[in-house]
Each structure stands twice: as C-alpha cells, then as structure tokens.
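The values are calculated or read from the model by the stated rules, or taken from the named source; none is laboratory data. All figures in this text were calculated on a predicted structure; none of them were measured in a lab. Note that we place each Cβ from the backbone using ideal geometry, even for glycine, and neighbour counts take in every protein chain shown. Quick note on the areas: whole protein, heavy atoms, side chains included, nothing else; ligands and nucleic acids left out. Shrake-Rupley method; radii C 1.70, N 1.55, O 1.52, S 1.80 Å.
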Amino acid sequence: GSTMSATILDGNKISAEIKSEVAAEVAELKAAGLRPGLAVVLVGHNPASEIYVRNKVKACELTGIYSEQHTPPETVSTKDLLQLVESLNRRDDIDGILVQLPLPKQVDAKKVLLAVSPEKDVDGFHPMNVGYLSTVRPGLVPCTPAGCMEILRRSHIQVEGAEAVVVGRSDIVGKPVAMLLTNANATVTICHSKTHDLKEVCRRADILVAAIGRAGMITPEYVKPGSTVIDVGINRITDRAEFEKYFAGDAKREASFTKSGSTLVGDVHPKVVEIAGAFTPVPGGVGPLTIAMLMANTVKATKLRRGNTVQSIVGD
Ligand code: NDP
C-alpha cells in the first residue's frame, strides 16, 4: 500500500489560536471602555449540558469576556424563560445570549430561541441571522459551521471552486455549513437520509463534511483519495465489540477505553485516515472550534451592536 498519510487538522491548536486572538481583541475593546459580556441560560441538570456550559464559562475567563450563568429549574415554564431572555435582551452589558439546548419538553424551545434578540444571538439560530447568512450580509453565524470554515481557512485548504459535499441538513450544522461553503465559492451538494447513491456522491468531494450523528458511517469507500474530510460527528461508544470495529490495534485508545469505559468516534470511520489528504480527528477536531467561535461571536456581537469599526479577526 501507499505510505502517504493524511494531514491531521488539529482543532485544539486552531481553537487555541482563535481564543488568543479573541483575548487580544477583548483587551482592546476593554481599553476602549467596552467589555463583551455573555449570558448563558442553563435549564435543569442535564450532565452533558452542564459540561458544555462549564467549558464555555472557562473559555470566557480565558479570553477576558464577562460571563454570567442563569440556571432556572427543570420545571421552568416557557413564560418564565421568555421573561428571562427579555430581561437579558434589555441589558446593555450583555452582548451574547446563549440558551443551552436541549430544553425540557414542557418548554416551547422554538419560541424561546426566537425571543433572543438577533443582535445577541451568538448561536446564530435566529431566523434573522439565518437570513443574513443566506443573503451574505454581516450577522452571527452558527458556531460549529463557522468553526469548520476556520479549520479550512487556517489550514489553507482551497475552498473556492472545490467540489464540496455535506452529509446532513440540520439547521444547526448541515445547512449553515453548506451555506458558508457556497458563500466561499465551493460547488456544494447537500445529502441526507433520502439521498440515492450516497457513496458515489461523497466520492466526488474535494471537501467532505460529515454531520450525520452515526458512528463511523463514512468509510473509505465514501472518500475521494487525497480529499479533505471534516468530521462534525460526536458519538460516544461503550460497547467493546464496536470499539474493536473502529480502533483495533490503537494502543492509546485501548488504554483510555479500558480506563473510562467509553470513547468518542466521529461520523467518519478512523480508517479514512488511510485515504484522505487531510482530516479532522475526533476528539480534537471540529469540537474545540465550537467554543472558540462562540467567543469570537460574542466579540463580533459586541462590535456589531455597540462597537466601533475595528475589523473582525475571524472570517466572513
Ligand atoms: P441531526 O440529527 O439534527 O441531523 C442529522 C442529519 O444527518 C440529518 O439531516 C439526517 O437526514 C442525516 N442523516 C441521518 N442518517 C443518515 C444516513 N444514513 N445517510 C445520510 N444522511 C443521514 O444532527 P446534527 O446536525 O445536530 O448533528 C450531527 C452530528 O454532529 C452529531 O453527531 C452531533 O453530535 C454532532 N455535533 C457536533 C457539534 C460539535 O462539534 N460541537 C455541534 C453539533 C453537532 P434527514 O434530514 O433526512 O433526517
């Protein structure tokens, strides 16, 4: 076989780079009398959500962004949450509002997300921001898709003119990443569960983005040799047989799986490393970018709403 091996696109490194640039910008804004502020709303006690929020708050501390947490109980009503969001909308010292998902089932999540002022919508989920993205106007772009673009940009991967295939069409990842690639002049195909001949379509891709939520689904047969593969998927596996399917012979993984009883696998099969030109690992690929882009979005929101003309450091 070939001895060529794929370039690993190191998300931890790129994320650290962005966070340090954000920190410099925050310092500059503070010197000009503007302190960026992020409010996080965390309902109930979902353990995964608690970890995400903790990491977001930590990143704020690292970058100098002011942050505060609001933690209504699991039993909160839609009305109470709307009141909280509206009070945060009115505060001049809060630039970004993040409502951590999922929300409990009695809450009308769409209504709550729609209530976040588009100017403070650092997740980029508000229809106003979706519209700005699709019409190429300045706005707030969803963090994970924006992170995918930063990985490509900072790794000098040619997007303009490239054949890009996105597997997944969610509002949170698939659709916005497809829109960003289109805006960056790629030729984009969006695939989903009803796509015929998915393998053949994927094999056309110079840039393949997997945002599916199915462990290891993108095997080497889906991948054009030498192409760039961006793996958004985060799937936790606990089954030994499944572990062997992906990581047999990987001593480092083996040790951590044995120790903790689980490991993370992306939507892309680890064997794709043997055929891709460049790829994002899981963990340590797209994941770390999400929080870095949240920090960048908070700064962008500060500048868009009450800022000056300082040029933004992150793309678009
Ligand atoms: P969704 O479940 O909302 O969307 C999944 C998409 O994949 C859908 O469009 C679905 O198609 C498509 N799909 C499912 N099965 C197949 C199949 N067999 N063949 C082709 N397409 C298929 O997931 P999200 O977009 O929210 O997340 C995707 C993945 O990314 C998850 O693993 C999630 O954990 C991860 N994620 C990671 C983040 C990060 O790195 N920080 C942030 C957000 C998500 P259809 O529309 O037809 O149902």
- Query: Does residue 225 count as within 16 Å of the ligand (Cβ to nearest atom) and touching a residue at least 40 places away in the same chain (Cβ under 8 Å)?
  - Reply: no
- Message: Can you tell me how many residues within segment 5-16 are of a type outside the set (A, V, I, L, M, F, W, C) and either over 28 Å from residue 268 (Cβ atoms) or open to solvent by 70 Å² or more (accessible area, probe 1.4 Å) (or both)?
- Response: 4
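Within segment 198-217, can you find the residues that are in a loop (DSSP other than H, G, I, E, B), out of contact with any strand residue (DSSP E or B) (no Cβ under 6 Å at 6 or more places or on another chain) and more than 10 Å from the ligand (Cβ to nearest atom)?
203
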- Query: Before we move on, is residue 266 at pLDDT 95 or above and buried (at least 20 other Cβ atoms within 10 Å of the Cβ)?
  - Reply: yes
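Among the residues of segment 148-173, how many are part of a strand (DSSP E or B) and near the ligand (Cβ under 9 Å from one of its atoms)?
1
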- Query: Does residue 64 satisfy being touching a strand residue (DSSP E or B) at 6+ places or on another chain (Cβ under 8 Å) and closer than 21 Å to residue 20 by Cα?
  - Reply: no
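Do the conditions hold for residue 195, that is, is it near the ligand (Cβ under 9 Å from one of its atoms), of a type in the set (S, T, N, Q) and in contact with a helix residue (DSSP H, G or I) (Cβ under 8 Å, 6 or more places away or on another chain)?
Yes, satisfied.
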- Of the criteria (1) touching a residue at least 24 places away in the same chain (Cβ under 8 Å); (2) under 21 Å from residue 18 (Cα atoms), which one residue 189 fails: (2)
- Message: Looking at segment 32-49, can you tell me whether even one residue there is out of contact with any Pro (no Cβ under 8 Å at 6 or more places or on another chain), closer than 30 Å to residue 106 by Cβ, among the charged types (D, E, K, R) and open to solvent by 70 Å² or more (accessible area, probe 1.4 Å)?
- Response: no
- Message: Tell me whether segment 25-33 contains one or more residues that are part of a loop (DSSP other than H, G, I, E, B) and in contact (Cβ under 8 Å) with a residue 12 or more places away in the chain.
- Response: yes
- Name the residue, out of 215, 205, 186, that is more than 26 Å from residue 102 (Cβ to Cβ), modelled with pLDDT of 95 or more, open to solvent by 10 Å² or more (accessible area, probe 1.4 Å) and small (Gly, Ala, Ser). 186
- Residue that is nearest to residue 6 (Cα to Cα) [pool: residues in segment 228-239 that are of a type outside the set (A, V, I, L, M, F, W, C), touching a residue at least 12 places away in the same chain (Cβ under 8 Å) and away from the ligand (no atom under 12 Å from the Cβ)]: 228
- Show the residue pairs that are 6+ apart or on different chains and have beta-carbon atoms under 6 Å apart, the first residue being within segment 153-171 and within 17 Å of residue 200 (Cα to Cα), the second being at pLDDT 95 or above and away from the ligand (no atom under 16 Å from the Cβ). 162/186; 162/206; 162/207; 163/187; 163/206; 164/186; 164/207
- Query: Do the conditions hold for residue 277, that is, is it within 20 Å of residue 164 (Cα to Cα), touching a Ser or Thr at 6+ places or on another chain (Cβ under 7 Å), touching a residue at least 40 places away in the same chain (Cβ under 8 Å) and more than 16 Å from the ligand (Cβ to nearest atom)?
  - Reply: yes
- Please report, ordered by residue number, the helices (runs of 4 or more DSSP H) entirely within segment 70-143 with at least 1 residues that are touching a strand residue (DSSP E or B) at 6+ places or on another chain (Cβ under 8 Å) and touching a residue at least 40 places away in the same chain (Cβ under 8 Å). 78-90
